[in-house]
């Protein structure tokens, strides 16, 4: 209490921050995973958070829906980031019916000529699998996994801090920088140089430094381009890979998902937030934010309801926040211009298939481990050139005819999602640009679905005959139905110029905005990358400090 | 002087010692100041390669009193900054064809104008379009803005803003071109001070300047320009300077930096200006060579180096391919790291991690050159007849997609079916390079990947040349009728003829992971090498390629600074020990 008083006093002296008594209501816009996590921490911090979700369910991009009678799928995201361990611990997720399934092998990557590579949790086991392709690569794999882990430790540290203020670094910024500096020094001279060299590199060059097997290169490189407008030969894609490795240092990333789909996970987050006092309202769409004299005063819902608040936290993407919910005349022109330049053109589509049976992959011998092998992620994109060509199409406003697919069949480990004996296949499809040059997504939706089934059939020939239902979610749908501006699943491009102190824009990377009382907590803020919850936690910390 | 004679005498009477080098040599040197010990054969510094950087390096060392020899493999000096009469009466600036980045301090300190350097202005960039229209930017800013306004009013306004914003960007980066990159991994106070200095300078920028600088350092040139402009041909032409010498497309991050690198041009104190050297780019090399000779440098042509001689991990001279050996206290190599470390040295002489860094260093040449001797001037359909538009650069870069598709071809190992071409007709500005009434057309062509997927450059050379001419003919159909002769240089030729590994014109890609303290090898960006007394001074070092000369100048400073007593005491081994 004394400390709070001191903080209060201190803030009053500074005179720029908002000072709110403990227990005051804070409205959060959007019920995605980051907003739910922020709400949890705000409630713990003594505020009264109210989450307003436009749709009938919370979860944002992490939801489970019935897409075909009797078939349910993680409609959008189909694997976890994974969630940061400390967040999972704070939220006590294990208490809320949320069982995380972690398949092993994590990734099964077939080639079109009937070979396949498997990636296990265990490094030695994976190395043995790689040995079938190249003894040299097998021997290098352990070294690669280790250096990735070491480098990732630095990114883990970086992801947990608030980007420093460049003009007037706070004592905490300096402390954080010191800590980060220490973790950099911990990498040693070679490690530091590797880090500096790798960051701006093309991920295709990065994997080529270690491996010669095309399939192995492609599976690892794919992680650097997921959800981005980058091909494996685009510089800077290694930074994205390293950023992802911060959440899970395994070379191919995480394959974990909750029983009941991703919706079960966000329901557990919501439940946890409710338990500590957060209020969560669904079917509550925000129309706009009321601002007076540069500070928020309230919020208006589409049904006309008006709520008076002194602080608003937006979990929706920055472009939607500033260009749809805020009166443009309230924005500083420099800020508005930078925000306009914030790139958020999505490249990912999602296809969910209701299958009458399990697809047969000839690349897998029909043995007992068949099911186990298919229970993780399936990577369709056997060569760097394949990925690059898939990307090429999107540069000219066309979706890939031979797309790169990241597939899961969640029903193998979680049969509850489909009727008995039937299966759900969920595929991230890349590359599908938000803006098509010819036609539009309403007329081309079917073509995209067909292209995906055709691409899959090259690896599982019986698949087309099994399809009972199909759901195609185009980048256009991601914007209109799910609220991702530009259809960008990460709320904004993950590129060197839009990370860290530049996310979403330089000078405003500290979860605050130029509008007093308006904060950001979504993926459009640092580190903002997948279902890790890192943006939500970082934002909560800054918001609590600012509000008190 | 006495000491010198004493040394010569010493070696004269002891023929065994002629088999040189250090142990004996150092014993001999103890308590003696001079180091020359064999008449006509021993030098303070041997510079490998007579390109502009090698010559600059030699000139500065000689001015500081060192006895220097430059060894050039070819029959003509200049490396890639060379002029040759390939077709009788026509002087081709074979490789590098325009100049802008040559450091003003070098021009001043070496007094190059007195040695014959004369830069003639290159006015503007003319981009013909397939639609029959064109974009013509000139050195006169107001005229450029007027022409841009024909395409877009908004862009005309933005162009003003853009030019204003780029000036502080260039000002920020320029001092970095003349500094030895600091080592970011040490706690050495000197390096920390430099890093702090850079950070402070960054913090002194205004918020908008910082924003733009960060973008320039990280973005793709296409994304960067998309924020400013809407006219396709304007963006395409401007973004082209972001891909020169790289194996990247305009949409690949990191190309905005290359754009800035080419934006920094400065001639006679005027920012952003490009020019020709009278007599071709070779005249620049000749002017530097002249200055070097005046300072006492001995320059030998047709003297190809075969090997760098070492003794106990120290460079002690070079052996020419014909077997002649030259001993030296310092070897300064202006050729690229591949040649220096993999060809002129034995792999076992180098630490494994360094060698790996050298092998990893990316060259990947991506451009070729087509030089044409013309009977008359090309006639562009969009602006017929001769005119001022032919006096500047003519850029075949009609749209962003055109540029990107050119890159797509190269990615999969083909030369661009429709390449980006940057052409100049130097004979309009400098009539001395062609017979009266006739002209020289110099075409820089990108992309031409070093490795072709399905063929060899030996087979494809002429087809590549035809493709370039066909591309030009789409805009200036008369080109095919006025060609008297041509020279086609593929990346393969650039490697074979000019010693540019994999045909990279900058001795290694200008990509972010190969710049500043990472160029050429992380941990060795300080012009030193793991071999004591062996230094690098070519484009493969910071600050990279182009006719800048900065590399050679900074390297000379490093060498001189470490010169104590008989030879430099580089901290090379020290920094390795701290590893």
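Values in this text are rule-based calculations from the coordinates and carry no lab data. Since this is a predicted model, take the numbers as computed values, not measurements. Methodologically, a virtual Cβ is constructed for each residue, glycine included, from the backbone with ideal geometry; neighbour enumeration extends over all protein chains shown.
Things to note:
- Region A:88-112 and region B:268-345: distance between their alpha carbon centers, rounded to Å: 60
- From the C-alpha gyration tensor of region A:24-149, square roots of 5λ in Å: 39, 21, 12
- Antiparallel DSSP beta bridges within chain B, as percent of all bridges there, nearest 5: 70
- The overall shape of chain B, judged from the alpha-carbon gyration tensor, is prolate: a/c is not under 1.5, and a/b is greater than b/c.
- Peptide B:225-236 has a mean shielding of 1, counted as Cβ atoms of other protein chains within 10 Å of each residue's Cβ.
- Counting Cβ atoms of other protein chains within 10 Å of each residue's Cβ and taking the mean over peptide A:221-234 gives 2.
- The mean count of C-beta atoms from other chains within 10 Å of the C-beta of residues in A:193-200, rounded to a whole number, is 6.
- DSSP bridge pairs, chain A: antiparallel proportion in percent, nearest 5: 70
- Principal-axis tilt of helix A:188-198 within chain A, Cα atoms, nearest 10 degrees: 80
- Peptides B:152-164, B:528-540 ranked from most to least packed, by the mean per-residue count of other Cβ atoms within 10 Å: B:528-540, B:152-164.
- The packing ranking of peptides B:67-78, A:111-122, highest mean first, is B:67-78, A:111-122, where packing means the average number of other beta carbon atoms within 10 angstrom of each residue.
- Shape category assigned to region B:112-154 from the gyration tensor of Cα positions, a/c cut at 1.5: oblate
- Considering only beta bridges that DSSP places wholly inside the protein assembly as shown, some 70 percent are antiparallel.
- Cα shape, the protein assembly as shown, gyration tensor, a/c 1.5 rule: prolate
- Per-peptide packing, taken as the mean over residues of other Cβ atoms within 10 Å, places B:449-462, A:42-55 in the sequence A:42-55, B:449-462 from highest down.
- Spatial separation of Cα centroids for region A:476-514 and region A:48-76, in angstrom: 21
- Measuring between their Cα centroids, region A:423-448 and region B:386-463 lie 38 Å from each other.
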